[in-house]
Amino acid sequence: MWEFRRDPRELTAEQKRKLEGLFGRLPQLRVLYEFRVRFQKIFDTARDRRKAYRALVGLFLDMLDTFPELEAFIRTFESWQEEILNYFDARQTSATVEGLNNKARVILKRSYGLKGAESLWSRLILDVNRATDIVLYTIGEIRELVAGFRAAFACT
């Protein structure tokens, strides 16, 4: 499945062989793979939201013709269409924030008994592993910021 997720241009001959073996066993997976590659290409190459929208609608129509089961996926796009198309205005995502949120959830799951926000924050800083590149504050300075936020928002 690793080969399935990677950019096809970056696959080695061995990885391409494995992918073809997978498609040999599951032929419909090839079509899904081609849809995934088209989807990625739209996000990589569309110059503006109008062109991206047209390309995505075309892709979604093809997807529905082949796999009506993907209607829920397309409905998700329709629900979040404005937010998704905003990406094409400035090519900015919330990936960094989403990544940190995910990291915090993982820490909480594996740190049974970790009760305080202070220790959670310290653990998050350590787990990010590039804290000095990303966060320009020391843990002490961040604690002061958090205390200020708590006072401003009356958090406990």
> Between residue 109 and residue 86, what FRET efficiency comes out of the Förster formula 1/(1 + (r/R0)^6) with R0 = 30 Å and r the beta carbon distance, rounded to 0.05?
Replying inline: 0.45
> Which one of 23, 104, 84 has its Cα pushed farthest toward the positive end of the charge dipole of the chain, where Lys and Arg give +1 and Asp and Glu give -1 at the Cβ?
Replying inline: 23
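In whole percent, and with a 1.4 Å probe on the protein chains, what portion of the accessible area of the chain is carbon and sulfur?
Values: 6630 of 11680 Å².
Ligands and nucleic acids excluded, carbon and sulfur reach 57 percent.
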> For residue 109, which aspartates and glutamates qualify as cross-link partners when the Cα separation must be under 20 Å and same-chain residues fewer than eight apart are set aside?
Replying inline: 98, 118, 127
>> Over the chain, with a Gaussian network built from C-alpha contacts below 10 Å, which listed residue (93, 66, 138) shows the highest mean-square fluctuation?
In response: 138
>> Give the separation of the Cα centroids, the stretch 61-99 to the stretch 2-28, in Å.
In response: 24
>> Compute the angle between helix 13-25 and the longest alpha-carbon principal axis of the chain, please, reported from 0 to 90 degrees and rounded to the nearest 10.
In response: 70
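Heavy atoms only, probe 1.4 angstrom, no DNA, RNA or ligands counted: give me 17, 150 ranked by accessible area, highest first. Mind showing how you got there, number by number?
Values: 17 140, 150 100 Å².
Highest to lowest solvent-accessible surface, that is 17, 150.
Please compute the net charge surrounding residue 68, taking Lys and Arg as +1 and Asp and Glu as -1 over other residues with Cβ under 13 Å from its Cβ. Could you put the intermediate results ahead of the total?
Working: positive: 75; negative: 62, 65, 69, 71.
It works out to a net charge of -3.
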> For the pair residue 9 and residue 95, how long in nm is the line joining their label points, each one 7 Å along Cα→Cβ?
Replying inline: 1.6
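Give the Kirkwood hydrodynamic radius (Å, one decimal) of the chain, defined as one over the mean of 1/r across all pairs of different Cα atoms. Walk me through the numbers before you get to the answer.
Working: mean 1/r = 0.0509 Å⁻¹.
Across the chain, the inverse of the average 1/r is 19.7 Å.
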> Taking the chain as a Gaussian network, where each spring joins two C-alpha atoms under 10 Å apart, which residue of 79, 94, 119 fluctuates the most?
Replying inline: 119
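The values are calculated or read from the model by the stated rules, or taken from the named source; none is laboratory data. These numbers were taken from a predicted model, which means no experiment stands behind them. So basically every Cβ, Gly included, is an ideal-geometry build from the backbone, and we count neighbours across all protein chains shown. The accessibility values were calculated without ligands, DNA or RNA, using every heavy atom of the protein model including side chains. Shrake-Rupley method; radii C 1.70, N 1.55, O 1.52, S 1.80 Å.
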